[in-house]
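What follows is calculated from the coordinates using simple rules that are stated; it is not laboratory data. As the structure is a prediction and not an experimental result, all values here were calculated from the model. With ideal geometry, Cβ positions are generated from the backbone for all residues, glycine too; neighbour counts draw on all protein chains shown.
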Amino acid sequence: MNTGKAFSEDRDLSPEQRKAEREFLEIEIERAAGGAKGSKTVLDYGCGEARFFDVWTRLGYLYVGADIVPAMMDTNAERYGATFLHVEDLDERIVTDWLFLSMTLQHMTDVEAIGVLTRIRSQKVLVIDNTVKGGPEYVQHRRAVQLTELLARAGWGDITPETARSKAAQYKIVVGRNRGD
Ligand SMILES: C[S@@+](CC[C@H](N)C(=O)[O-])C[C@H]1O[C@@H](n2cnc3c(N)ncnc32)[C@H](O)[C@@H]1O
């Protein structure tokens, strides 16, 4: 479920803590995605303010962002000089190497999440979700095993669930591959 608004679950963190969280996640993304030689495009679904744009481009990826908040896509496009689309304008025939969902699935019901994970046929998928103590009720914090099940139900294979704990939150980092790979 979503309200069409941008969410930020780390809003209670200080600027220093936010920076530390971002750096922690950057390392996790590089670790999960960096080893894939020859993979060069990424779709960041539910990109928000595209805080990981730099990480992917530094790794050599062509980055496309998408979200349900159109105004944010315009701001991002101006700021980064890259393609940012409203999710409804996504051409689902475009297949990227990676589908990246960071703190996005937790705003969706299982049915919505499976819909997205089925429709967007990338070669690989990287999902990062977190658990913040005392976070808002509308956020569904799934366990790694539940995320794995969602990906499997959407047809992804070779799924590797992991958890990683920063100072502020516990993250689930799940990678899957397109079965046709
Ligand atoms: C917590 S923010 C995460 C933003 C970004 N991925 C990050 O890690 O900084 C969740 C984002 O998911 C977007 N979102 C929520 N429901 C969505 C949906 N059904 N389709 C696409 N984006 C959605 C929100 O607009 C928001 O930008």
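Things worth noting here:
- Net charge contributed by nearby residues that have their C-beta within less than 10 Å of residue 70 (K/R +1, D/E -1): -4
- Length gained when the stretch residue 26-residue 165 is fully extended (0.36 nm per residue, less Cα-Cα span): 48.7 nm
- Distance between modelled label sites at residue 138 and residue 111, nm, 7 Å Cα→Cβ extension: 1.8 nm
- Scalar couplings 3J(HN,Hα) for the range 140-154, obtained by applying the Karplus form with A = 6.51, B = -1.76, C = 1.60 to θ = phi - 60°, are 9, 8, 7, 7, 4, 5, 6, 5, 4, 5, 4, 4, 5, 5, 8 Hz; x denotes Gly and Pro.
- With θ taken as phi - 60° and the Karplus curve 6.51 cos²θ - 1.76 cosθ + 1.60 applied, the whole-hertz 3J(HN,Hα) list for the range 42-48 is 9, 10, 8, 8, x, 6, x Hz, x standing for glycine and proline.
- Euclidean distance between Cα centres, the range 93-144 to the range 28-79, Å: 14 Å
- Close amide-amide hydrogen proximity is noted between residue 156 and no other residue 5 or more places distant or on a separate chain, at a cut-off under 5 Å (H modeled in the peptide plane; Pro and chain starts excluded).
- Across the range 49-56, coupling constants 3J(HN,Hα) worked out from phi with the 6.51/-1.76/1.60 Karplus curve, θ = phi - 60°, read 7, 6, 5, 9, 3, 4, 4, 5 Hz, and Gly and Pro carry x.
- Highest-first arrangement of 48-57, 83-92, 152-161, where packing means the average Cβ count within 10 Å: 48-57, 152-161, 83-92
- On the beta carbon distance between residue 92 and residue 179, with R0 = 30 Å, the FRET formula returns roughly 0.95.
- Cα-Cα over 23 Å, subset of 40/124; 124/172; 19/40; 19/167: 19/40
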